[in-house]
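Right, one structure below, let's go through it.
The values are calculated or read from the model by the stated rules, or taken from the named source; none is laboratory data. Quantities reported herein were computed from a predicted structural model and do not represent experimental measurements. Quick reminder, even Gly has a Cβ in these numbers, built from the backbone with ideal geometry, and neighbours come from all protein chains shown.
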Amino acid sequence: MIKCCPNNIDSKKSINMTVRTRFAPSPTGFLHIGGARTALFSWAFAKKHKGDFILRIEDTDVARSTPEAVQAILDGMHWLGLDYNEGPFYQMQRMDRYKEVIQKMLDEGSAYYCYCSKEELEALRETQMQQGVKPRYDGRWRPEEGKVLPAPPQDVPAVIRFKNPKDGDVVWNDLVKGEISIANQELDDLIIARADGTPTYNFCVVVDDWEMGITQVIRGDDHVNNTPRQINMLKALGATIPQYAHLSMILGDDGQKLSKRHGAVSVMQYDDEGYLPEAVLNYLARLGWSHGDEEVFGMQQFCEWFDLDHITPSAAQFNTEKLRWLNAHYIKQASSDYLVNDVTKRLAKLGVQVTVTPNLAAVIDLYKERAHTLNELANSVVYFYQKPLVDQAAAEKHLTAEIKPAMQKLTDVLVSVEWQAEAIHHALNDVVTEFQLKFPKVAMPLRVMLTGIAQSPSIDQVMVLLGRDEVMARIKDAKF
RNA sequence: GUCCCCAUCGUCUAGAGGCCUAGGACACCUCCCUUUCACGGAGGCGACCGGGGUUCGAAUCCCCGUGGGGACGCCA
């Protein structure tokens, strides 16, 4: 009952307002899985509502932002196919505008200079921690009616703080988590401009979300605590408050938080490991969002189905096994051309040069149902282009003296047999019958000799692709 | 410490007070298919954190615990 109406975008705002969402990463590292999902959801929401998706690079932390990271984020977005209608905008290029707004706030009295030194603030924090209260600025430079401020010290450069309301609560209806209410008393007067004059994150976000006309802010859970501050600033500026949707975090396979030290990887690493973007996207879409029992769907379908009402508010644990399963599915579905190109590259990385025969497309057709990743696929077909390394245990088990006569006979037959699967199969069967063996008694040694291991697709099919000469050569070379 | 958030099979989830003897998917197990391994098919195992309320009726609403997470920067 409570949840049904407020979250319904259609009925509320979008009648005469275009949806505008944004993804606003800070370029301090690669695009990781959590960021990718945030981007995906923002993107899908915009697509669903025929709105705009904007990319904004939040690079105001000059010390930690790098051009490489910007590029890594762009690459990740591109690999996933998350295209944007506007941007990338760079906050560092909007400095003039931020400064104008700060001046306006100063003039209007919603911001003020504070001359506390970092040391002073540090000491304050420590005392408060010891007293068991939430550490926050005590407002000592906050202008108040009837309050006499001390004379500004000469040696401390001023920062600018936002004059946050002292009373009341900030309440918003989070599109994922429902109503969230935070008392203004919990909030302090945050710094909006550093001593060097550069604006800070929370302030830039406010100005940008406002001026870029963002209607729904879809972002990570870790920003919940920033939201009331941002809403207060938005109000002070007379801006329209966007709707907020806070996505819970993604935990690693082990249930632990992903961090640079632990488990967080670039989405591009999934490319390296042989995952298709379709699989990663589909997996991410289902992580924290659902549409009934639907598990496998493409992005077009996703964009039609996507909404914010079916996002889980709780954290989700990443499950590589399920990603692998989806990936296997998309490999089976992938076009032959695509796979040939991709696998050729992966084989090249393994130092394997693909030749005209055996035909790689045919080889892939034989193997693509068995692979969970493109790397597995590439690895599994190496022996078509290179002599296999024979697995010792398999050789000992299957290349026994007792099957030697049968193998000898087989080579005689193979010289003249018609080189196609059915005929080869018959030839194998004949030998099996003649020597009174079971089929595997012949097939298994052949597998080991031809592929190096005891598992392969139907052995006659393998032989067809390998070619008569190569088959004969490998049987001849086999040691047993 | 303070504030905020979260809680259904091992994992991702369905679930909007009766359709729930709690559904689906991954994983796992069994069987079938079979030329080995896969693929595929058919079954199986397996959960509402605990306690109180509200109600004729609670996985669902409320409260309290407990557990987990996040935030408390001149980082974003």
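When each of A:431, A:464 is tested for being within 22 Å of residue A:366 (Cα to Cα) and at pLDDT 90 or above, the lone residue that passes is A:464. Every condition in (1) farther than 30 Å from residue A:383 by Cβ; (2) within 13 Å of RNA strand B (Cβ to nearest atom); (3) crowded, with 18+ Cβ neighbours inside 10 Å holds for residue A:323 except the one numbered (1). Summed over segment A:96-127, residues that are part of a loop (DSSP other than H, G, I, E, B) and touching a helix residue (DSSP H, G or I) at 6+ places or on another chain (Cβ under 9 Å) total 2. Selection of helices (runs of 4 or more DSSP H) fully inside segment A:386-480 by the criterion of at least 2 residues being free of Cβ contacts under 8 Å to residues at least 12 places away in the same chain, more than 9 Å from RNA strand B (Cβ to nearest atom) and among the acidic types (Asp, Glu) returns A:468-477. Screening segment A:368-379 for residues that are within 11 Å of RNA strand B (Cβ to nearest atom) and surrounded by fewer than 22 Cβ atoms within 10 Å (Cβ to Cβ) and picking the one that is farthest from residue A:334 (Cα to Cα) gives A:376.
Residue A:56 satisfies every condition listed in (1) within 12 Å of RNA strand B (Cβ to nearest atom); (2) surrounded by 18 or more Cβ atoms within 10 Å (Cβ to Cβ); (3) modelled with pLDDT under 95; (4) not in a helix (DSSP H, G or I) except (3). Got at least one residue in segment A:339-359 being surrounded by 19 or more Cβ atoms within 10 Å (Cβ to Cβ), touching a residue at least 60 places away in the same chain (Cβ under 8 Å) and either within 16 Å of RNA strand B (Cβ to nearest atom) or outside any helix (DSSP H, G or I) (or both)? Looking for residues that are surrounded by 19 or more Cβ atoms within 10 Å (Cβ to Cβ), touching a residue at least 60 places away in the same chain (Cβ under 8 Å) and either within 16 Å of RNA strand B (Cβ to nearest atom) or outside any helix (DSSP H, G or I) (or both), one finds at least one in segment A:339-359, hence yes. Evaluated against (1) within 23 Å of residue A:355 (Cβ to Cβ); (2) crowded, with 16+ Cβ neighbours inside 10 Å, residue A:417 falls short on exactly one condition, (1). For segment A:259-281, a tally of residues being polar (S, T, N, Q) and out of contact with any Leu (no Cβ under 7 Å at 6 or more places or on another chain) returns 2. Quick check on segment A:251-267. Is at least one of its residues in a helix (DSSP H, G or I) and within 18 Å of residue A:221 (Cβ to Cβ)? No, there is no match, as no residue in segment A:251-267 is in a helix (DSSP H, G or I) and within 18 Å of residue A:221 (Cβ to Cβ). Scanning segment A:163-185 for residues that are under 35 Å from the mean Cα position of the chain (by Cα) and more than 11 Å from residue A:231 (Cβ to Cβ) turns up A:173, A:174, A:175, A:176, A:177, A:178, A:179, A:181, A:183. Among the candidates A:123, A:158, the residue that is farther than 24 Å from residue A:205 by Cα and small (Gly, Ala, Ser) is uniquely A:123.
Restricting attention to segment A:430-442, the residues being in contact with a helix residue (DSSP H, G or I) (Cβ under 8 Å, 6 or more places away or on another chain) and surrounded by fewer than 20 Cβ atoms within 10 Å (Cβ to Cβ) number 8. If the condition is being free of Cβ contacts under 8 Å to residues at least 40 places away in the same chain and over 18 Å from residue A:239 (Cα atoms), then segment A:191-216 contributes A:194, A:195, A:196.
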